Amino acid sequence: MKDRIYKSVVLASFLILLLVQLRLTYNSYVLRDRDYSLKEKTLINDEYGRSIAEDKVYKGGGKIIDSILSRNMPKLKQAYLNNRKEFVKLSQSVSNTLLKDLQKQSTMDSVFRSIVKRNGLDSNLQYLLTFQSIEINFDNKIGNITIFDNQTNTDFKADQKTRFGIIIDGTLTDPNTQNRVTNLSVSGKLVYDYRVTFNLFVDPPGRILKVAYQMLPTFSLVALCIVIIVGINYYTYISWMRQKKETDVKSDFLNSIKHEFNTPITTILVASKSLHEDEVLNDRTRVKTLVQIVERQARRLHSHINQMLEISEINNNINLEETDLNYEVLTLVNDYKIKLQAPDSLTFDPHGSEILIMIDPFVFTTMLQNILDNAFKYNNSDVKMTVIFITFQNDGYILHIKDNGKGIEDAMKEKIFDKFFRAGKENTVSGLGLGLYYVKQCLDIHGWQISVKTALDKGTEFLVHIPAGQTANSVNH
């Protein structure tokens, strides 16, 4: 859970930082783009203004506008005052005529090239001249009346229109506020007043790439910064995971001591307590048996001390011996019975013949011990019973450990061998969720498989599958 939270926090922080970096870079690009060729644009604006000081749009443009509007002003006024539909239709016709004449008679190309040459500007500069609106005023009480703007229907095709108006002249394909040199609204006086608005855009080809090239050092620094941040976060995460793994190993060790040392210590305490009873002391056979149990459990504790320190690397400490499976199980069962209280019972039905297999006695005992611990610890029956028996199938032997406990939910069956997982959540039952985890480790060491048969309130049966190829002898079945 902590690992997931850490990853989420690191990822969120990185994304926020990345977005901030990209935003700052974009803003820098916008500023650089806006200021690109600022001096040239200011110069062209001044030169263009002087070129049409006594004119409109371009040299000779004012004459075209005046001639068309002057002969149509009376009609426009009459239509506006008497028939608005006729006025709209007449406005569209006048606008189309005016704009088409401006296109046909345009001298803007010679005006612009003259400005470029006279001021030693880049000969590759491109321009675009657009006509944006026409307003007329034949009565101050009525005010300005628009007869043409971007919303007016015209006869021009889509490639002759822009959001800044109808194209009059020029070849620039991407007019925008960044490359607009001027936006002029000029007035004229005929019989009535009028005002026209037009735009001039100027830009060199490939300006975006040129601005990006100028921003290359900034882009490089941003990329380097992001790479460094990613590297630092990755190194921090790896270091944290290494420390976490070391902490988990230490935690496993402490948990293992508590979990694995408890049974032999309990057995020794029970046997020692029995040795204080007069009835037992007078029976040399029972004394001898109890002493053997204490000695055997003490050796097991000693083995724990030597081997549990490296439980996480148990695969490297295997000591396989040829052992009779019946004998190994029977020995453990006899030791385990000592700590059971009547009427609880643990019974073992040995197989009918000797079963010699290669096992690690310590690892095998750990495995079976943990299964038995779970069988009794999580059993709420009035009489707790666990039965162990061995069967043979064509593919090998099966060691059955069957109890009459409360069973396991189907949804939990696949998780019970996970580290620290506990199927039961009762606070009254102590445990660390390590028992079945170690069972799975022990089985993996021997190359065995385990399956579980269970039903709620009907008990659980663990089946340890021992392949026939691992038996050290051939026996009659």
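Structure notes:
- Nearest-0.05 FRET efficiency for residue 394 and residue 285, computed from C-beta distance (R0 51 Å): 0.75
- The apolar share of the surface of the chain, taken as the fraction of accessible area on carbon and sulfur atoms (1.4 Å probe, ligands and nucleic acids excluded), comes to 53 percent.
- Added length on full extension, which subtracts the Cα-Cα distance from 0.36 nm per residue, residue 11 to residue 298: 98.1 nm
- Segment residue 30-residue 50, extension gain: residue separation times 0.36 nm, minus the distance between their alpha carbons: 4.2 nm
- In straight-distance terms, cross-link reach from residue 59 covers every one of the aspartates and glutamates whose alpha-carbon lies under 14 Å from its own, apart from those fewer than eight places away in the same chain; here that gives 47, 101, 109, 169.
- Over the chain - Rg/Rh using Cα atoms and the Kirkwood inverse-distance radius: 1.48
- If R0 is taken as 22 Å, the Cβ-Cβ distance between residue 223 and residue 243 corresponds to a FRET efficiency of 0.10.
- Listed residues 70, 21, 131: farthest to the positive end of the dipole of the range 1-158 (Cβ charges): 21
- Whole-number percent relative contact order across the range 33-136, with pairs defined as alpha carbons under 8 Å at least 6 apart: 29
- Mean residue ellipticity (222 nm) of the chain, computed from DSSP H runs ≥ 4 via -39,500 (n - 2.57), nearest 500: -17500 deg cm²/dmol
- Cα-based helix-to-principal-axis angle, 61-82 vs the chain, degrees rounded to 10: 90
- Segment residue 233..residue 275, full-extension length gain: 8.9 nm, with 0.36 nm per residue of separation and the alpha-carbon distance subtracted.
- Solvent-accessible area per residue, Å², over the range 90-235 with all protein chains present [probe radius 1.4 Å]: 53
- Using alpha-carbon coordinates, inclination of helix 435-446 to the longest axis of the chain, degrees: 80
- In nm, spacing of pseudo-spin labels at residue 137 and residue 171 (7 Å Cα→C-beta vector): 4.0
- Summarising the label geometry, the points placed 7 Å from Cα in the beta-carbon direction at residue 152 and residue 123 lie 3.9 nm from one another.
- Check: the chain dipole with +1 on Lys, Arg Cβ and -1 on Asp, Glu Cβ, in debye: 3480
- Separation of the alpha carbons by more than 31 angstrom is noted, of 39/100; 89/141; 63/141, for 39/100.
- Rounded tilt (10° steps) of 361-377 against the dominant C-alpha axis of the chain: 80
- At R0 = 45 Å, FRET efficiency that the Cβ-Cβ distance of residue 160 and residue 21 yields, to 0.05: 0.60
- Summing charges over neighbours of residue 15, with a neighbour being any other residue whose Cβ is under 13 Å away from its Cβ, gives +2 when K and R count +1 and D and E count -1.
- Here the contact order of the chain, divided by its residue count and restricted to Cα pairs under 8 Å and six or more residues apart, works out to 10 percent.
- For a straight C-alpha distance cut-off of 20 angstrom, the aspartates and glutamates reachable from residue 402 (same-chain residues fewer than eight places away being disregarded) are 328, 335, 344, 349, 373, 382, 410, 414, 457, 461.
- Placing a pseudo-label 7 Å from each Cα along the Cα-to-Cβ vector at residue 107 and residue 85 gives an inter-label distance of 4.3 nm.
- The range 270-292 and the range 332-352 have Cα centres spaced 19 Å apart.
- Rg and Dmax [Cα atoms of the range 146-212; Å; Rg one decimal, Dmax integer]: 14.8, 52
- Around residue 101: net Lys/Arg minus Asp/Glu count, Cβ-Cβ under 14 Å: +2
- Where only alpha carbons of the range 1-150 are counted, the Rg and the Dmax (Å): 26.0, 83
- Exposure of residue 302 as accessible area (Å², to 10), given a probe of 1.4 Å and all protein chains: 110
The values are calculated or read from the model by the stated rules, or taken from the named source; none is laboratory data. Being a predicted model, the structure only gives us computed values, none of them experimental. When we count neighbours, we look across all protein chains shown, and the Cβ atoms used for this are built from the backbone with ideal geometry, even at glycine. Surface accessibility is based on the protein's heavy atoms, side chains included, excluding ligands, DNA and RNA. Shrake-Rupley method; radii C 1.70, N 1.55, O 1.52, S 1.80 Å.
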